[in-house]
Each structure stands twice: as C-alpha cells, then as structure tokens.
Amino acid sequence: MKAWNLHATPKARREQIVVARRKWQVHAGECGPSPRSYGKFRIPGLQEFAGQQWLLRKKVPKSVFKDPLERLFEEFDEDGSGTVNLTELVAALRSKSVEITEEQARELLHAADTNCDGAIDLEEFKKMIFSLAKQDLMAGAPPSGNPG
C-alpha cells in the first residue's frame, strides 16, 4: 500500500483522498466501469427529454456545428467546472420540464457517475442521455414524447 505524503500541499492531499475513496468504492462495488441500468428511472419527462436531445444530435452535422449534447452539457454545468453536480442536475432538468425529486436526481447521478467523483462529466453525460433516449425510443413513443 502506498504511504501518504504528509508534506504534500493541501491540494495534493485532497487528490490523495479522492483517489483512495475511488479505489475503495470500486473495490466495494459501489461504482466503477460496469454499465448502469437506467431502466428503473421512470421520471415524468426524463426519457422523452433524452430522446429529443439524442435525435437532435443526429440531425446536426458535426462538421458544421458543435455537438448539441456538448452545448446541453455546458448549459447544465452552471459553474463551468466541467462536471454536473447534484444541484446543477436538479435545476437543469426541472428547467426542461422534467419532474424530478432530489432523491431521484441523486440516484440518476450515482448511476451515471462511473468514475466515482460525485459528479457527471461530459462522457458520462453523453452515455446517460443515450441510455435514457434508448429507453424512450424502444418504448415506441414518438421522439417528441407526445402520443401519436
């Protein structure tokens, strides 16, 4: 086991703690690279929202415009940190007419957070939207989320 560097800067010590926490969570099976199931999330408007975003992404040529999911991620990431935390996730989804509770958002964040840093980065965000969109599209609902 690697010894702690007691003479490290406060930032370096925080990084040591984060790394140790991640290793423990992966070891305990709390998080990690295994695929998460989004099937349990039946939140009004969530799958439909994701389906709309995924279809929008397919329509926009990548060579001409920025990926719509990247723009959406930047909108969700209010503080510009490069990750979406619980508070940002709740506020952003509610602003998109998704009726989500804080507890549901916490579960969604935990399912999407594969690197165990307590937030959703861009790649995790894209995977989350894809998985939720796939549920919406497999359910046979029109992409807009409106019936027939």
Item to check | the range 86-117, residues that are in contact with a Cys (Cβ under 9 Å, 6 or more places away or on another chain) and open to solvent by less than 40 Å² (accessible area, probe 1.4 Å) | outcome: Asp113, Cys116
Item to check | Condition broken by Gly29, with the remaining ones in (1) on the phi > 0 side of the Ramachandran plot; (2) open to solvent by less than 70 Å² (accessible area, probe 1.4 Å); (3) small (Gly, Ala, Ser); (4) modelled with pLDDT of 80 or more satisfied | outcome: (4)
Next on the checklist: Here are the criteria: (1) modelled with pLDDT of 90 or more; (2) over 14 Å from Gly118 (Cβ atoms). Tell me which single one Ser81 does not satisfy.
Outcome noted: (2)
Item to check | Identity of the residue in the range 67-79, open to solvent by 60 Å² or more (accessible area, probe 1.4 Å) and either part of a loop (DSSP other than H, G, I, E, B) or of a type in the set (Val, Ile, Thr) (or both), that ends up farthest from Gln52 (Cα to Cα) | outcome: Asp79
Item to check | Qualifying residue in the range 118-136 (condition: out of contact with any Leu (no Cβ under 6 Å at 6 or more places or on another chain), under 13 Å from Leu46 (Cβ atoms), open to solvent by less than 10 Å² (accessible area, probe 1.4 Å) and not hydrophobic (A, V, I, L, M, F, W, C)) | outcome: yes
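The values are calculated or read from the model by the stated rules, or taken from the named source; none is laboratory data. All values reported here derive from a predicted model rather than from experimental measurement. Don't worry about glycine lacking a Cβ; one is built from the backbone with ideal geometry, like all the others, and counts go over all protein chains shown. These area figures cover heavy atoms from the full protein model, side chains too; ligands, DNA and RNA do not enter into them. Shrake-Rupley method; radii C 1.70, N 1.55, O 1.52, S 1.80 Å.
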